[in-house]
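The values are calculated or read from the model by the stated rules, or taken from the named source; none is laboratory data. Values in this document were obtained by computation on a predicted structure and should not be read as measured data. Glycine also receives a Cβ, built like all others from the backbone with ideal geometry; neighbour counts cover every protein chain displayed. Keep in mind that these areas ignore ligands, DNA and RNA; they rest on the heavy atoms of the full protein, side chains included. Shrake-Rupley method; radii C 1.70, N 1.55, O 1.52, S 1.80 Å.
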Amino acid sequence: NLIRFKQWYQRRVRDTNSDCFTSIKEWYKLSESFPYGNIFARSKIGETVRQRNLSVACSRLRDIIQQNENKIKIINCGLRLFSYSKEAFSKCPYRLLQEGAHFTSTYMGSRFYEVSLDDMIKVLGPDTGVPKHTLKPDLFEKVKDLPTGIVVFYLPPSGIIPGIHCCVYSTENGVKAYITEDEKNHFRLILGLEPLLTKREQKKLDAMETHRKKKIETAARIAAEKEAAEKENKDSNEEENGDNTLEEDKHEEEELAAEDAEGLQGLESED
């Protein structure tokens, strides 16, 4: 399934009141300067079907594809901005993607919040979520009543630290960074923080720890079996030695009895 730009779809998204962009525009309060006419989709589809991803490209690339749409096919094109999501995830059918957060945020009039360094560090912590009441009071007042969905937390540049745009998933009681583990660790390194273990790394450490425990258990079992075998051999040797001693004593008794019998016979013959 080659990704191909479609003139039909471009005409649809140029209309800012189209079904495709009405919900996005209302949710993020996109400005009129947003480049609706430069949006790319995978293919031409019916009005009742949602596109999975929406991307944006520059005007020059758009013109080249328009003029050659029957001659070329595009495998991948543009910067991904939005992705279709289920209603349970967000009230807006299209969620904002981290890949294009820095671009889209320049046109956003809502769901965009400037945050402090402390709040950004909290959001970039372990993937357990941050209760809203633990955020700075001014930020808490802004996000406490947000409906479920994606927002952008923005940390302004300071010194050698560049500005950071982070997609955050807001729920009823908390917020969490909605980015990949690598993106989170990248931001943490920019802020001078230690990177977190990824799930793959944690899984590897857990497997190593399990292997180490199994080796200890195996070594303990082998040592116990060896000790039991040595004890069994020792007891067996003691029994054999005891039997040999009894046989030797019996043999000596028989020899003494034989000597006594010979002595008695000799005395009788002398008599």
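Here are a few things to note about the model shown:
- Within the range 135-145, the set of residues being surrounded by 17 or more Cβ atoms within 10 Å (Cβ to Cβ) and modelled with pLDDT under 90 is empty.
- Scanning the range 75-94 for residues that are touching an Asp or Glu at 6+ places or on another chain (Cβ under 9 Å) and not basic (Lys, Arg) yields 79, 81, 92, 93.
- Hey, residue 150 among the aliphatic types (A, V, I, L, M), part of a loop (DSSP other than H, G, I, E, B) and at pLDDT 90 or above or not: no
- When 128, 148 are checked against the criterion of being within 24 Å of residue 94 (Cβ to Cβ), surrounded by fewer than 19 Cβ atoms within 10 Å (Cβ to Cβ) and not aromatic (Phe, Trp, Tyr), 148 stands alone in meeting it.
- Of residues in the range 113-125 being open to solvent by less than 20 Å² (accessible area, probe 1.4 Å) and not β-branched (Val, Ile, Thr), the one modelled with the lowest pLDDT: 125
- Filter result for the condition that a residue is modelled with pLDDT of 85 or more, over 28 Å from the mean Cα position of the chain (by Cα) and either surrounded by fewer than 16 Cβ atoms within 10 Å (Cβ to Cβ) or in a helix (DSSP H, G or I) (or both), over 105, 110: 110
- Residues in the range 77-102 that are of a type in the set (D, E, K, R) and assigned to a loop (DSSP other than H, G, I, E, B) were compared, and the one that is modelled with the highest pLDDT is 86.
- Residues located in the range 155-203, provided they are open to solvent by 80 Å² or more (accessible area, probe 1.4 Å) and in a helix (DSSP H, G or I): 182, 186, 189, 199, 200, 201, 203
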